[in-house]
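What follows draws every value from the coordinates through simple rules; no lab data is involved. None of these values were measured; they are calculated from a predicted model. With ideal geometry, Cβ positions are generated from the backbone for all residues, glycine too; neighbour counts draw on all protein chains shown.
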Ligand SMILES: CC(C)(COP(=O)(O)OP(=O)(O)OC[C@H]1O[C@@H](n2cnc3c(N)ncnc32)[C@H](O)[C@@H]1OP(=O)(O)O)[C@@H](O)C(=O)NCCC(=O)NCCS
């Protein structure tokens, strides 16, 4: 059975591996741990894990902030990942449904997700879950 829970500090290793897989890189582990601890402690971040038999098999993170152009708080999904062999079993949907419920309780009406244009399969997932394609994201790399 899959259960969705708020992530804890003990879930760091699983989430570290998920984020590396998502970004196809190996991030500095100590730096990631510092960021993880900091974000976990903030009410503006919601970190959820999906667990099966006590194993972390999925992860969703979300950041909530007040935005003037909505005149309200808006939630944005930052990372979402389900371990490969557990995909297409409804775990992503369960993570998202849990987030929707939590945001409703907090009076947050808008949930957004930014997804790299190469992640065509993920776009299908969000569209199936009634997310509408509304914007383009422009990124400037301010390298020195
Ligand atoms: C997107 C993702 C979180 C969805 O989780 P999930 O548990 O597979 O989601 P569900 O079972 O609720 O829905 C499955 C649907 O998601 C879509 N999907 C998106 N990416 C997929 C993937 N890599 N593999 C399988 N299905 C994927 C498919 O449309 C699938 O429908 P289908 O089973 O009818 O083919 C998960 O597939 C994943 O981790 N993908 C790789 C990382 C990624 O792209 N994350 C999103 C970053 S914005």
### Query
Which whole-number percent gives the relative contact order of the range 33-87, counting Cα pairs below 8 Å spaced six or more residues apart?
26
## Note on the structure
Neighbour-count ranking for 103, 80 (other C-beta within 10 angstrom, fewest to most) reads 103, 80
### Summary
Contour minus Cα-Cα span, residue 34 to residue 20, at 0.36 nm per residue, comes to 3.5 nm
### Fewest-first ranking of 89, 105, using other Cβ atoms within 10 Å as the exposure measure
105, 89
### Message
How long are the semi-axes of the equivalent ellipsoid of the chain, taking √(5λ) for every eigenvalue λ of the Cα gyration tensor, in whole Å from largest down?
### Response
22, 20, 18
### Task
Can you tell me the relative contact order of the range 53-144? Whole percent, Cα pairs under 8 Å, sequence separation 6 or more.
24
### Task
Mind sorting 88, 144, 115 by how few other Cβ atoms lie within 10 Å of their own Cβ, fewest first?
144, 88, 115
### Summary
With R₀ set to 30 angstrom, the calculated FRET efficiency between the beta-carbons of residue 141 and residue 101, to the nearest 0.05, is 0.25
